[in-house]
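Peer 1: The structure follows.
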Amino acid sequence: MAKISKLEDIVSLCKRRGFIFQSSEIYGGLASCYDYGPLGVELKNNVRKTWWQHTVQFRDDVAGLDSSILMHPLVWKASGHADKFADLITECKKCNTRTRVDHLTEHPDEHTEHITVEAAMADAGKLQSKICPNCGAKGNFTEPMPFQLMFETQMGANVDDSMKMFLRPETAQGIFANFRNVLDTTRVKIPFGIAQIGKSFRNEVTTRAFIFRTREFEQAELEFFCEPGTDEKWYEHWKQARFDWYIELGLKKENLRFREHAPDELAHYAKACADIEYKFPFGSGDWQELEGIANRTDYDLRRHQQGIRTLNKWYENKGDLSKISLANESEDYQSGPLSYFDDQQKKRYIPYVIEPSAGIDRSTLAFLVDAYDEEEVRGQTRNLLRFHHAIAPIKVAVFPLVKKDGMPDIAHNIYDELKKHFMCFYDEKSAVGRRYRRQDEAGTPYCITVDGQTKEDSTVTVRDRDSMEQVRVSTDQLKVYLREKFSP
Ligand code: GAP
């Protein structure tokens, strides 16, 4: 129970301090959708920024992309999502609650999700022993049925000729669809990757645990293209690189682990897959997927090449040759438009793909949970978020000790100068002790206070969030002092 109450503490802190709100709250709220408030948007921006730095900026072999959410419907046919992206669900005959078959268990406290639809289908006959997570009724379920996870929408103003479209359920397909464009417009050579961050949408049957599983969420995905035969080496490389990113940003090592997928659990496109799991404070299992790293082989590029061919044939039969895309289309897969010519080895092949796929919201939740701390200070509870500097929403808070003797003017001048370089916050309301506590709860690493001594020797106090120690720093050295503190 203590752990569940910890998640509740996070939810309440997020609401109280303006990190995360329920969507459409003034209308009673919209289930499983959340809005990021003033502190939350800074935190999430910082999570995105550090992912981008580590995945794109600090590397020479990864290029960025921002593809559209709406894509040609044939993309989803080729990728397999139109036919295979479904959960098997069943309905409780007593309370009409729909649940994923692979989420049903024999005991109320159990949690399971590491099985594929195929495995769940094979297991569906055993529903008699399972209980409804809503009302607890045992074995009283309808026949399992597939439930399409993609959200549908229409494109076009006229009802008659509007086209049925899907909101993308992963950002990855935007990358595969642009593989040729990136290859033709940059000087990249295999091995190289294309990365993007963006919204994805899934009509999840069950949403859970705050921002852990929602219907609208953000993904940070990398498709790393490599020569077949080198894929296993790159798979290991990316597993380690992604694990290290979480550790570098302060997640405790004991709360992270790898979980390699069993062969019957692999997605239809994957040769191997490992989850980086985090010990979240909910459910009985605790360990939950934070990110997946998959070896997608050449499945996607091959399928899209086939998709282009089918479309071209269709235009050919109609006699509409102007619509034919990628003119060098060929019957031979290895020399088709989504193949790669290695000019050193003088050979052509369809690259294999290693895909680290992270959730920005899910990582943000992990960073919040991991940073959350409570301690006793002089008989009072101090709540704080021990964020790594790189992701802390506000880096520096500036206060006058009291609202007189010219202190607010000096403090404001310091704030105006520092905010050009760091995300800063100015506060002069209430007692200084309470202002420190508010910044501890926001995870602000440093608080600067202008006091009576400042007028005499131009120094201020700088208070460290974690140790609560205070040092005096000369005002003209503040920027350098903070730069050093924030340097990686
Ligand atoms: N392209 C591969 C892919 O989408 P996934 O395991 O379905 O793989 C990758 O998703 C990551 O996206 C997950 O590890 C998780 O962090 C995030 N994610 C997936 N579904 C989510 C949801 N409904 N809500 C929040 N995050 C989600």
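The values are calculated or read from the model by the stated rules, or taken from the named source; none is laboratory data. Please read these numbers as outputs of a predicted model, since none were measured by experiment. FYI the Cβ positions are ideal-geometry reconstructions off the backbone, even for glycines, and counts take in every protein chain you see. Accessible surface is based on the protein model in full, side chains and every heavy atom, while ligands, DNA and RNA are left aside. Shrake-Rupley method; radii C 1.70, N 1.55, O 1.52, S 1.80 Å.
Peer 1: Of the numbered conditions (1) under 22 Å from residue 392 (Cα atoms); (2) surrounded by 13 or more Cβ atoms within 10 Å (Cβ to Cβ); (3) not basic (Lys, Arg), residue 471 fails exactly one; give the number of that condition.
Peer 2: (2)
Peer 1: Under 9 Å between Cβ atoms, which residue pairs at least 6 apart in sequence (or on different chains) link something in region 376-388 that is under 21 Å from residue 7 (Cα atoms) with a partner that is open to solvent by 70 Å² or more (accessible area, probe 1.4 Å) and assigned to a strand (DSSP E or B)?
Peer 2: As it stands, the answer is 381/374; 382/374; 382/376; 383/374; 384/374, since those pairs meet every condition given.
Peer 1: Is it the case, given these coordinates, that residue 170 is of a type in the set (Asp, Glu), open to solvent by 20 Å² or more (accessible area, probe 1.4 Å) and within 25 Å of the chain's Cα centre (by Cα)?
Peer 2: no
Peer 1: For residues that are more than 13 Å from the ligand (Cβ to nearest atom) and either at negative phi or part of a strand (DSSP E or B) (or both), tally how many sit in region 334-366.
Peer 2: Taking region 334-366 first, the residues more than 13 Å from the ligand (Cβ to nearest atom) are 334-352.
Now drop any that are not either at negative phi or part of a strand (DSSP E or B) (or both), which leaves 334-345, 347-352.
Total meeting the criteria: 18.
Peer 1: Another question, then. So, in region 452-468, of the ones that are open to solvent by 60 Å² or more (accessible area, probe 1.4 Å) and in a helix (DSSP H, G or I), which residue ends up nearest to residue 387 (Cα to Cα)?
Peer 2: 453
Peer 1: Give all pairs with beta carbons closer than 9 Å in which a residue from region 211-228 that is open to solvent by less than 10 Å² (accessible area, probe 1.4 Å) and outside any strand (DSSP E or B) meets a residue that is of a type in the set (S, T, N, Q) and at pLDDT 95 or above; count only pairs at least 6 apart in sequence or on separate chains.
Peer 2: Within 9 Å, the pairs are 211/364.
Peer 1: If you don't mind, another one. So which residues in region 148-165 are open to solvent by less than 70 Å² (accessible area, probe 1.4 Å), in contact (Cβ under 8 Å) with a residue 12 or more places away in the chain and away from the ligand (no atom under 14 Å from the Cβ)?
Peer 2: Hits for region 148-165 are 148, 153, 165.
Peer 1: Out of region 238-269, which residues are crowded, with 17+ Cβ neighbours inside 10 Å and outside any helix (DSSP H, G or I)?
Peer 2: Within region 238-269, 249, 251, 256, 261, 269 qualify.
Peer 1: A further question on this structure: Write out, first by first residue and then by second, each pair whose Cβ atoms fall under 7 Å of each other, whose residues are 6+ apart or on separate chains, and whose first residue, in region 251-277, is within 26 Å of residue 369 (Cβ to Cβ) and away from the ligand (no atom under 13 Å from the Cβ) while the second is modelled with pLDDT under 95 and not charged (D, E, K, R).
Peer 2: From residues that are within 26 Å of residue 369 (Cβ to Cβ) and away from the ligand (no atom under 13 Å from the Cβ), the pairs are 257/287.
Peer 1: Find the strands (runs of 3 or more DSSP E) located wholly in region 30-97 whose residues include 2 or more that are under 19 Å from the mean Cα position of the chain (by Cα), and list them. Let's see the steps before the verdict.
Peer 2: Working: elements: 34-36, 62-64, 86-91.
Because the criterion is at least 2 residues that are under 19 Å from the mean Cα position of the chain (by Cα), the strands (runs of 3 or more DSSP E) in region 30-97 that meet it are 34-36, 62-64.
Peer 1: Another question, if that's okay. With respect to residue 449, is the statement that it is open to solvent by less than 30 Å² (accessible area, probe 1.4 Å), of a type in the set (Val, Ile, Thr) and in a helix (DSSP H, G or I) true?
Peer 2: no
For (1) within 16 Å of residue 358 (Cβ to Cβ); (2) open to solvent by 40 Å² or more (accessible area, probe 1.4 Å), each residue gets a yes or a no:
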position: 271; (1), (2): no, yes
position: 277; (1), (2): yes, no
position: 282; (1), (2): no, no
position: 288; (1), (2): yes, no
position: 291; (1), (2): yes, no
position: 297; (1), (2): no, no
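Peer 1: Which count do you get for residues in region 214-241 that are within 8 Å of the ligand (Cβ to nearest atom) and not acidic (Asp, Glu)?
Peer 2: Within region 214-241, residues that are within 8 Å of the ligand (Cβ to nearest atom) and not acidic (Asp, Glu) number 4.
Peer 1: Output the residues belonging to region 4-29 that are among the hydrophobic types (A, V, I, L, M, F, W, C) and either out of contact with any helix residue (DSSP H, G or I) (no Cβ under 8 Å at 6 or more places or on another chain) or part of a helix (DSSP H, G or I) (or both).
Peer 2: 4, 7, 10, 11, 13, 14, 26
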